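Q: Dropping a structure here in structure tokens format, bear with me for questions.
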Amino acid sequence: MEDKKSQFGFQPENYKILLIGLAINILGFLLMIGGAAKSPNEFNEAEIFSSTRITVAPILIVAGYIVIMYAIMKKKKVKKD
């Protein structure tokens with residue numbers, strides 16, 4: 001019988017890809033936060049509805065989740081002898 005070692009599903013490469021996806025997600029959320037108004041009675045439409053908050057940040061967040069899913073699903077390549 002062949003001796004099969006029990007291996008954990010994640011390899012170091014998976015962790016690297018996972019951390020890249022997490023960094024992309026954090027960047028997207030930080031871009032979505034934006035700045036705060038100095039007064040609660042002040043409304044700055046250009047800041048709230050900027051293209052960074054409306055378009056770029058959600059795209060980065062979705063891309064980050066896709067990269068994270070890829071990192072979870074990626075399998076180690078098996079060498080055939």
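The values are calculated or read from the model by the stated rules, or taken from the named source; none is laboratory data. Note that the structure is a prediction, hence the values are computed from the model and not measured. No Cβ is skipped: glycine too gets one built from the backbone with ideal geometry, and neighbour counts run over all protein chains shown.
Q: How many of the residues making up the range 31-51 are modelled with pLDDT of 85 or more and touching a helix residue (DSSP H, G or I) at 6+ places or on another chain (Cβ under 8 Å)?
A: 2
Q: Over 13 Å from the mean Cα position of the chain (by Cα) and not β-branched (Val, Ile, Thr) - does that describe any residue in the range 52-62?
A: Scanning the range 52-62 turns up at least one residue that is over 13 Å from the mean Cα position of the chain (by Cα) and not β-branched (Val, Ile, Thr).
Q: Pairs only if they're at least six apart or on different chains, beta carbon under 6 angstrom, first in the range 52-71 and under 15 Å from Ile33 (Cβ atoms), second outside any helix (DSSP H, G or I); list them, first residue then second.
A: Once the first residue is under 15 Å from Ile33 (Cβ atoms) and sits in the range 52-71, its partners that are outside any helix (DSSP H, G or I) give Arg53/Gly34.
Q: Search the range 23-49 for residues that are more than 30 Å from Met69 (Cβ to Cβ) and pair each with any residue that is surrounded by 10 or more Cβ atoms within 10 Å (Cβ to Cβ) and among the polar types (S, T, N, Q) when their beta-carbon atoms are under 9 Å apart and the residues are at least 6 apart or on different chains.
A: Between residues of the range 23-49 that are more than 30 Å from Met69 (Cβ to Cβ) and residues that are surrounded by 10 or more Cβ atoms within 10 Å (Cβ to Cβ) and among the polar types (S, T, N, Q), the close pairs are Gly35/Asn44; Ala37/Asn44.
Q: Within the range 55-72, which residues are β-branched (Val, Ile, Thr) and in contact with a helix residue (DSSP H, G or I) (Cβ under 9 Å, 6 or more places away or on another chain)? Lay out the reasoning, then the answer.
A: Initially, the range 55-72 is screened for residues β-branched (Val, Ile, Thr), giving 55-56, 59, 61-62, 66-68, 72.
Within the range 55-72, Val56, Ile59, Ile61, Val62, Ile66, Val67, Ile68, Ile72 meet the criteria.
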